[in-house]
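To start, the structure itself, in structure tokens.
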Amino acid sequence: MARLIALVLISLTGVTIAIAQPIVAIGLTAVGSLGGQSGIGNAVNSVGQIVGSSDIAGGAQTHGFLYSAGTATDLGTFGGTNSYAYGINSSGQVVGWAENSSGVQRAFLYSGGTKTDLGTLGGSISRAYGINTGGQIVGTAYSATEEHRPFLYSGGVMTDLGSFGGTWGRAMSINSSGIVVGTSQNASGNARAFVYSGGTLQELGTLGGNWSDVAKINDSNQIVGGTANASGQGRAFLFQEGAMTEIPLVAGHTSAYANSINNHGVVVGNSSQSGSSRAFLYDGTTSHDLNYVAASLLSDGSTPGFTALLMAQDINDSGTVVGTGMYFDGASSYWQAYSLTISSVPEPSTYAAVLGVLVAAFVALRQSRYIRTSIKRQR
């Protein structure tokens, strides 16, 4: 009996894993406002802290923000007008860039309430885009000849990661193992996605077109971004185990770019439908328009709320998606950062399959009892 029950449990587990789970939106919130109207959401960490940028009151300046526990903190500048926050790690350390009093953009690290200028590679400008759990930072900085160079900042030292022969490059993301991904121009002037590991810069190729651009790497070394196919059309890609594959388009859409991937392999990005940007999510099998997933949470334009989700920039392992949507405040519409919480629930087919296993187990149990009874009678 115990053995039979164990077999049934194993069967049930197999059924549940094998059957796809639909995506369900369970919460949509506007985040990060610093008093102005427009804002964008860029990244979310493992505990739900969000970074992005927002117009401040009056709308004359845009500042980076850290949104935590329902409160948006203005990250300020280095004496200039604007700043942007792009990345955040699990410790709440934030990276981005801020203008100094001369209006020059400088990469910063915001940690423990203090913002630090990370310097450059000998030139004037720098921008930081990603930070890992160990506090290593990646971005782009000008060299002494004013070329954009991808950098890794670790232990207080900024290192030039090299190039493919062109004049610009940027490092966008770094995982917990210290593997860096980004984009660099080659000698022909085309953008090429790269991975940097062990001191080596490796090109990731394309899907047949002349450009590729990388956005994010997760802790399983899965990489996502955008590339051109042989027809020159923009496509989202997933690079893993040495191969680049196309992420399927949302039905009816014409192009896509993948912005992030979490440690479960769930991808989010932007997709184009009739020239309009739409946030999408790829669950490993199907690409979903998040406007349909979150349809019940969107406003029809007659009441305040988000009317459309335009871009999905990041997703954490808990299913929180951060991006930018069109928000209607009752009088006017503008871009605003959002936090979308998604989940999955078993499909009716899952319940049917589980019921089938239970029926089969019941039949097997009855047959087992019948056989044992027959044997006893024959004795």
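Every number here is computed from the coordinates shown, using simple stated rules; none is lab data. Since the structure is predicted, the reported quantities are computational estimates derived from the model, not experimental observations. Reconstructed Cβ throughout: ideal geometry from the backbone, glycine too, with neighbour counts over all protein chains shown.
A cut-off under 15 angstrom between Cβ atoms defines the neighbours of Tyr153, and their net charge, with Lys, Arg +1 and Asp, Glu -1, is +3. In this simple spin-label model, placing a label point 7 Å from the Cα along the Cα-to-Cβ direction at both Gln202 and Asn263 gives a separation of 2.2 nm. Under the simplified labelling scheme, the Thr303-Glu246 pair shows an inter-label distance of 4.1 nm, with each label point 7 Å from Cα along Cα→Cβ. Counting 0.36 nm for each residue step from Ser46 to Asp117 and taking away their Cα separation leaves a gain of 23.0 nm. Scalar couplings 3J(HN,Hα) for the stretch 208-222, obtained by applying the Karplus form with A = 6.51, B = -1.76, C = 1.60 to θ = phi - 60°, are x, x, 9, 8, 8, 8, 9, 10, 8, 10, 9, 6, 9, 6, 7 Hz; x denotes Gly and Pro.
Sorted on the mean count of surrounding Cβ atoms within 10 Å across their residues, most packed first, peptides 236-244, 44-52, 175-183, 199-207 read 44-52, 175-183, 236-244, 199-207. Note on Ser143 and Asp160: their simple-model spin labels are 0.4 nm apart, each label 7 Å out from Cα toward Cβ. Kindly express, to the nearest 10 degrees and within the range 0 to 90, the angle between helix 348-378's C-alpha long axis and the longest C-alpha principal axis of the chain. Tilt of helix 348-378: around 30 degrees.
Peptide packing: for 145-154, 100-109, the average count of neighbouring Cβ atoms within 10 Å per residue gives the ranking 145-154, 100-109, highest mean first.
So how many Å³ per residue does the convex hull of the Cα atoms of the chain work out to?
Taking only Cα atoms, the chain has a hull volume of 185 Å³ per residue.
Karplus-derived 3J(HN,Hα) values for the stretch 168-175, using 6.51 cos²θ - 1.76 cosθ + 1.60 with θ = phi - 60°, are 9, x, 8, 9, 9, 8, 9, 8 Hz; glycine and proline are entered as x. Summary of packing: across the peptides 300-310, 273-283, the per-residue average of other C-beta atoms within 10 Å ranks them, highest first, as 273-283, 300-310. For the chain, with a Gaussian network of springs between Cα atoms less than 10 Å apart, report the residue from Gly130, Gly41, Gly58 with the top mean-square fluctuation. For the chain, modelled as a Gaussian network with Cα springs under 10 Å, the answer is Gly58. Backbone geometry of the stretch 241-256 corresponds, through the Karplus equation with coefficients 6.51, -1.76 and 1.60 at θ = phi - 60°, to 3J(HN,Hα) couplings of 6, x, 10, 9, 10, 7, 7, x, 5, 5, 3, x, 9, 10, 7, 7 Hz, x marking Gly and Pro. Here the stretch 219-324 was treated as a single set of alpha-carbon atoms; its pair distances binned every 10 Å from 0 give 15, 48, 28, 8, 1 percent. Estimated purely from DSSP H runs of n ≥ 4, each contributing -39500 (n - 2.57), the mean residue ellipticity at 222 nm for the chain is -4500 deg cm²/dmol once divided by its residues. Using only Cα atoms and rounding to the nearest 10 degrees, what angle (0 to 90) does helix 2-18 make with the longest principal axis of the chain? The answer is roughly 40 degrees.
Amide H to amide H, with H built 1.01 Å from N, Leu121 comes under 5 Å of Tyr142, counting only residues 5 or more places away or on other chains.
Compute the label zone of Thr29 within the stretch 56-82: residues whose backbone N is under 11 Å from the point 7 Å along Cα-to-Cβ. Output list for this probe position: 67-72.
Report the net charge of residues surrounding Thr167, where surrounding means a beta-carbon distance below 10 angstrom and charges are Lys +1, Arg +1, Asp -1, Glu -1.
-1
Taking the centroid of alpha carbons for each part, the stretch 44-67 and the stretch 157-181 are 25 Å apart.
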